[in-house]
Amino acid sequence: MSSPLGAETVFEDQRFEALDLRDGLLSGRDFVGCSFVECVFAGAKLESCGFEDCHFEGGELSMLQPHGTRFHGVRFEGCKLLGVDWRQASTFQIDVRFERCQLAYGIFSGLDLRGMKMHACQAREVDFSGARLSAADFCGSDLEGAMFVGADLTQADLSEARHSLLRPSQTKLRKTRLSLQAGLEILRELGVLVPGM
């Protein structure tokens with residue numbers, strides 16, 4: 001079966017709309033400055049591909065398998081990315097930004113995500129265990145059930161995140177910005193009593 005992208009291997013500054021790669025295979029393709037609007041990558045297997053300065057808008061990418069694929073300067077906006085195991089991607093730092101995305105059950109454990117932006121996302125049950133999340137920004141995201149065991153949240157901003165449960169004995173929290181509720185939960189775990197709370 002031929003690829004809907006033809007035989008080309010490098011794509012620059014192109015716009016793809018309603019491209020359907022559901023459960024397909026994409027191998028050795030590089031995309032630079034491209035936009036993907038309402039495209040379907042659900043269950044697709046990406047092998048050694050590259051995405052640089054690309055934008056995904058309104059796409060369905062649940063259960064994507066990004067084997068050895070590089071993401072640099074990539075923005076996902078209003079996308080559905082349920083159950084993606086980002087550990088399959090290239091071992092270099094993953095440079096991604098998520099805005100208003102559904103990321104539930106995703107796995108980012110052990111990855112270098114320094115400076116990552118995850119704004120207004122539904123990130124329930126996401127695994128960030130052991131991830132490097134220094135200076136990450138989770139503004140407006142729902143982190144219910146998200147796991148941060150062994151993660152480095154130095155200077156991360158969770159002040160406007162919801163349902164973040166952090167344990168100071170298991171997570172590196174240095175100059176981390178937290179919501180009042182999350183801060184009180186940490187104080188309770190440390191055995192600190194706050195009158196009136």
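The values are calculated or read from the model by the stated rules, or taken from the named source; none is laboratory data. Since this is a predicted model, take the numbers as computed values, not measurements. Here the Cβ is made from the backbone with ideal geometry for all residues, glycine too, and neighbour counts use every protein chain on show.
Residues are listed down the side, and each one gets a yes or a no for (1) touching an Asp or Glu at 6+ places or on another chain (Cβ under 9 Å); (2) at pLDDT below 95; (3) closer than 19 Å to Asp137 by Cβ; (4) not aromatic (Phe, Trp, Tyr):
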site	(1), (2), (3), (4)
Met1	no, yes, no, yes
Thr9	yes, yes, no, yes
Cys34	yes, no, no, yes
Glu38	yes, no, no, yes
Gly43	yes, no, no, yes
Lys80	yes, no, no, yes
Lys117	yes, no, yes, yes
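Can you say whether Phe51 is under 20 Å from Gly115 (Cβ atoms) and free of Cβ contacts under 8 Å to residues at least 60 places away in the same chain, as far as the supplied structure shows? Criteria met by Phe51.
Against the test of being surrounded by fewer than 23 Cβ atoms within 10 Å (Cβ to Cβ), at pLDDT below 95 and among the basic types (Lys, Arg), the options Arg162, Arg97 yield a single qualifying residue, Arg162.
With respect to the conditions (1) touching a helix residue (DSSP H, G or I) at 6+ places or on another chain (Cβ under 9 Å); (2) surrounded by fewer than 15 Cβ atoms within 10 Å (Cβ to Cβ), Gly73 falls short on a single one, namely (1).
Mind counting the residues in region 28-51 that are in a strand (DSSP E or B) and surrounded by 21 or more Cβ atoms within 10 Å (Cβ to Cβ)? Spell out the reasoning first.
Residues of region 28-51 in a strand (DSSP E or B): 30-32, 35-37, 40, 45-47, 50-51.
So of that shortlist, the ones also surrounded by 21 or more Cβ atoms within 10 Å (Cβ to Cβ) come out as 31, 36, 46, 51.
The qualifying residues number 4.
Of the strands (runs of 3 or more DSSP E) lying entirely inside region 52-147, the ones with 2 or more residues being over 22 Å from Leu165 (Cα atoms) are found at 55-57, 65-67, 70-77, 95-99.
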